[in-house]
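These notes concern the structure reproduced below.
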Ligand code: NAD
């Protein structure tokens with residue numbers, strides 16, 4: 001289909017039409033550091049038009065059945081799959097991740113979206129006796145504003161988009177200014193499958209996000225991004241009491257117990273830490289290894305890091321692409337330099353190559369101070385500290401000693417022993433012997449400052465619905 005040819009034919013989607021922007025955005029390929037595309041961006045007037053369209057489209061969309069809406073979403077997912085190759089290429093160009101991982105992101109977005117539309121939402125009978133009948137019903141909120149980050153723009157749009165649409169809301173979707181292109185293409189595909197005004201897609205910077213969170217015509221914000229922005233979203237949403245779902249940053253700990261086989265688990269630990277060059281909210285960002293296996297775990301991880309192929313996502317053997325954008329690249333280099341100055345041991349990586357792209361090799365750090373920036377902050381890049389513990393109570397205390405609470409994991413030959421420790425993690429998800437897995441039917445989201453609410457599952461869908469009690473006196 002011509003519309004998905006890679007080129008400069010990017011348009012906003014407002015009221016079912018392709019629209020030029022009042023503004024423009026330059027998009028950089030992080031593997032070269034150079035601008036490779038320019039796309040439209042929305043001014044405030046265009047946000048108003050999109051909100052008007054979404055409000056007009058809402059009653060008819062709301063009044064369809066769940067099955068009818070699931071059918072439209074299913075067709076949209078099918079067209080994502082049909083255009084997977086072109087979308088994946090564009091995703092690699094703008095985001096940097098290896099092409100196969102870009103394809104996987106699209107497959108995951110389609111299958112998780114379809115999975116969510118198989119979750120039944122039904123009224124619940126709370127009481128039915130001689131005196132009265134009380135039913136709990138669910139009705140859609142209205143217009144949902146969905147704001148996404150740059151690390152997985154298709155998958156992180158698909159979850160909230162499907163949640164909002166399946167439950168009968170209409171949508172304004174805004175991607176990160178660093179990765180707007182695939183999301184604009186999603187808007188083009190959506191025009192073929194949804195009535196005018198149901199899905200509006202506007203590219204734009206943080207300003208557009210702020211206008212959305214303040215807009216009186218938007219009823220809900222589904223936000224994925226940093227803790228700092230999440231707090232600003234919540235403060236702005238308070239003025240109109242918009243509902244919010246906040247999927248924010250993490251500083252996930254993996255606790256490795258004394259009975260593991262270090263060589264066997266190292267590839268899994270490495271992948272969960274470094275996939276997408278560590279730019280994953282639920283990546284492992286701190287590894288606590290028992291002193292009995294500490295040296296062996298460090299060495300096995302360093303071995304994985306030395307083997308990993310870093311390069312342009314378009315090269316067939318690349319496993320780790322560049323950092324997505326220059327500010328984040330400079331931030332990670334700053335953390336790396338501080339780490340080196342602190343005297344911590346760099347076991348692999350650590351040297352940033354010269355050149356145009358934003359490449360940082362996977363870096364494993366041992367013997368680092370618990371209070372260092374690398375341990376305390378969300379690094380969101382390919383540099384991971386390995387810390388030593390001797391006592392499980394101490395490990396869990398240190399894992400929990402953070403304002404983040406997204407997810408975590410415990411690794412052991414004895415899953416029951418590990419599960420007991422995992423149940424003490426102050427997180428939204430605690431995995432045992434794996435890390436970083438989501439599905440349509442399992443709620444995902446953060447404890448503490450890692451977020452509010454959950455995505456996926458019945459819980460995530462109900463975040464786009466308002467409960468209504470109907471109480472009938474007989
Ligand atoms: P960011 O917060 O800078 O930006 C995210 C989005 O919010 C962008 O579209 C941006 O334009 C917009 N925005 C920024 N300020 C805003 C404001 N005041 N009001 C409204 N919108 C605003 O985050 P980022 O750097 O793009 O993404 C990286 C962060 O996202 C990391 O912290 C990562 O952990 C987090 N993240 C969380 C999840 C999750 O599911 N919990 C998933 C992916 C990424």
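So which residues in the range 212-232 are part of a strand (DSSP E or B) and either within 9 Å of the ligand (Cβ to nearest atom) or over 15 Å from the mean Cα position of the chain (by Cα) (or both), if there are any at all? Please lay out each step first, then the result.
If we filter the range 212-232 for residues that are part of a strand (DSSP E or B), which is where we start, we get 220-224.
Passing the criteria: 220, 221, 223, 224.
Taking the options 378, 351, name whichever one is crowded, with 20+ Cβ neighbours inside 10 Å and farther than 23 Å from residue 290 by Cβ. Let's see the steps before the verdict.
Values: 351 fails: crowded, with 20+ Cβ neighbours inside 10 Å.
One residue alone meets the criteria, 378.
Kindly provide the set of residues from the range 334-355 that are out of contact with any strand residue (DSSP E or B) (no Cβ under 7 Å at 6 or more places or on another chain) and either closer than 30 Å to residue 35 by Cβ or not in a helix (DSSP H, G or I) (or both), ordered by number. Show your work before the answer.
To start, the set of residues in the range 334-355 that are out of contact with any strand residue (DSSP E or B) (no Cβ under 7 Å at 6 or more places or on another chain) comprises 334, 337-338, 341-343, 351-355.
Those that are out of contact with any strand residue (DSSP E or B) (no Cβ under 7 Å at 6 or more places or on another chain) and either closer than 30 Å to residue 35 by Cβ or not in a helix (DSSP H, G or I) (or both): 334, 337, 342, 343, 351, 352, 353, 354, 355.
Which is at pLDDT 95 or above and within 16 Å of the ligand (Cβ to nearest atom), of 177, 140? Lay out the reasoning, then the answer.
On the way: 140 fails: within 16 Å of the ligand (Cβ to nearest atom).
Being at pLDDT 95 or above and within 16 Å of the ligand (Cβ to nearest atom) holds for just one of 177, 140, which is 177.
Given the options 448, 462, name the one that is closer than 16 Å to residue 247 by Cα, touching a strand residue (DSSP E or B) at 6+ places or on another chain (Cβ under 8 Å) and either loosely packed, with under 14 Cβ neighbours inside 10 Å or modelled with pLDDT of 95 or more (or both).
On the way: 448 fails: touching a strand residue (DSSP E or B) at 6+ places or on another chain (Cβ under 8 Å).
The conditions single out 462.
Which residues, counting only those in the range 42-63, are surrounded by fewer than 22 Cβ atoms within 10 Å (Cβ to Cβ), in contact (Cβ under 8 Å) with a residue 60 or more places away in the chain and touching a strand residue (DSSP E or B) at 6+ places or on another chain (Cβ under 8 Å)?
Answer for the range 42-63, where residues must be surrounded by fewer than 22 Cβ atoms within 10 Å (Cβ to Cβ), in contact (Cβ under 8 Å) with a residue 60 or more places away in the chain and touching a strand residue (DSSP E or B) at 6+ places or on another chain (Cβ under 8 Å): 55, 58, 62.
Within the range 401-431, can you find the residues that are outside any loop (DSSP other than H, G, I, E, B), without any contact (Cβ under 8 Å) to a residue 40 or more places away in the chain and surrounded by fewer than 17 Cβ atoms within 10 Å (Cβ to Cβ)?
Within the range 401-431, the first condition is being outside any loop (DSSP other than H, G, I, E, B), and the residues that meet it are 407-411, 415-422, 429-431.
Still in the list and also without any contact (Cβ under 8 Å) to a residue 40 or more places away in the chain: 415-416, 419-420, 422, 430-431.
Within the range 401-431, 415, 416, 419, 420 meet the criteria.
Report whether or not residue 185 is more than 10 Å from the ligand (Cβ to nearest atom), closer than 16 Å to residue 77 by Cβ and surrounded by 23 or more Cβ atoms within 10 Å (Cβ to Cβ).
Details: more than 10 Å from the ligand (Cβ to nearest atom): yes; closer than 16 Å to residue 77 by Cβ: yes; surrounded by 23 or more Cβ atoms within 10 Å (Cβ to Cβ): yes.
So residue 185 fits the description; yes.
Pick from 78, 101: which is surrounded by 20 or more Cβ atoms within 10 Å (Cβ to Cβ) and either assigned to a helix (DSSP H, G or I) or in contact with a helix residue (DSSP H, G or I) (Cβ under 8 Å, 6 or more places away or on another chain) (or both)?
Details: 78 fails: surrounded by 20 or more Cβ atoms within 10 Å (Cβ to Cβ).
The match here is 101.
Can you tell me which of 204, 250, 209 is in a loop (DSSP other than H, G, I, E, B), within 16 Å of the ligand (Cβ to nearest atom), closer than 26 Å to residue 40 by Cβ and in contact (Cβ under 8 Å) with a residue 60 or more places away in the chain?
Numbers: 250 fails: closer than 26 Å to residue 40 by Cβ; 209 fails: in a loop (DSSP other than H, G, I, E, B).
It is 204.
The values are calculated or read from the model by the stated rules, or taken from the named source; none is laboratory data. Every value quoted in this text rests on a predicted model; they were computed, and no experiment measured them. All Cβ positions, even for glycine, are placed from backbone atoms using ideal geometry, and neighbour counts span all protein chains on display.
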